[in-house]
Amino acid sequence: MQKTIARLHYITQDIPGFTHAELTEKACVGGVKWVQLRLKNASPEHWKQEALNTLAVCRAYGAKLLINDNVALAQEIGADGVHLGLDDLPTKKAREILGLGMIIGGTANTFEDIQLHAAAGVDYVGVGPFRFTSTKEKLSPILGLLGYQQLLEQCRAAGIFLPVIAIGGVTGTDVPSLFEAGVHGIAVSSAINKNENGAASAQALLQVLEDALTTTYST
């Protein structure tokens, strides 16, 4: 079952003074249609409440909601899917639990990671980090543009055509070269969450993506 994967993935994070739902609303006002709820070290009760509140925002703006790391919670609240890191529940097991209807994304840093996710039946892979980022505590080896080029070449050679989402310190200026390498889209967190006008930041990123798509695929 092939699913439409957004070009811009927005990831929530813990920002003092804001709930994840409030941050999500700013992003959705700016046009974001794909939200990944990412809480760390939260109690099950707090996680569930944030998830329900964020889901309500996503439904109001026509955005999809994926839960990071928590398959059971995604099922319970009726989210659109999950995103699983390398140390989380294996994506193969998640697919067995969730069935074909829900979206599953997996984190990857190497071609071997991508192969495993492809065999598990994921819908996309979040590949990174592109460059150093302080958002993630345990950072995998940095890929850089050359790393994406090499990984995408390996994927094409192996007949793997999963949408690749670049993550990890990605900015708007990186988009054209990443698209030329074959990346499907980008995932951002701080670029929106830590911007005084998150909606404007989201809108600007969406415009950059649209411009880059037009340039990359018009020839």
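The values are calculated or read from the model by the stated rules, or taken from the named source; none is laboratory data. This structure is a prediction, so every number in the text was calculated from the model and none was measured. Virtual Cβ from ideal backbone geometry, glycine too; neighbours counted across all protein chains shown. The accessibility values were calculated without ligands, DNA or RNA, using every heavy atom of the protein model including side chains. Shrake-Rupley method; radii C 1.70, N 1.55, O 1.52, S 1.80 Å.
A few points about this structure:
- Percentage relative contact order, the chain, counting C-alpha pairs under 8 Å, at least six apart: 21 percent
- Restriction of the chymotrypsin sites (Phe, Trp or Tyr not before Pro) in region 114-182 to DSSP coil positions whose beta-carbon has at most 15 other beta-carbons within 10 angstrom yields Phe132, Phe161.
- A simple spin-label model places pseudo-atoms 7 Å from Cα toward Cβ; at Thr216 and Thr173 they are separated by 1.9 nm.
- Euclidean distance of C-alpha centroids, region 28-97 and region 175-219, integer Å: 22 Å
- Over 25 Å between alpha carbons, listed pairs Lys92/Lys138; Lys64/Lys92; Lys92/Lys194; Lys93/Lys194: Lys92/Lys194; Lys93/Lys194
- Accessible area (Å², per residue) of region 1-129, counting only protein heavy atoms and a probe of 1.4 Å: 43 Å²
- Accessible-area composition of region 133-185, carbon plus sulfur, in percent [1.4 Å probe]: 56 percent
- Values (1) 35; (2) 27; (3) 43 are given for comparison; percent of Cα pairs over 27 Å apart, derived from the coordinates here, is the one labelled (2).
- Taking 20 Å as the cut-off, the amide N atoms of region 68-97 that come nearer than this to a point 7 Å along the Cα-to-beta-carbon line of Ala119 belong to 84-97.
- In nm, spacing of pseudo-spin labels at Lys40 and Ala72 (7 Å Cα→C-beta vector): 2.2 nm
- Mean Cβ neighbour count within 10 Å, used as a protection proxy, ranking 199-207, 102-110 highest first: 102-110, 199-207
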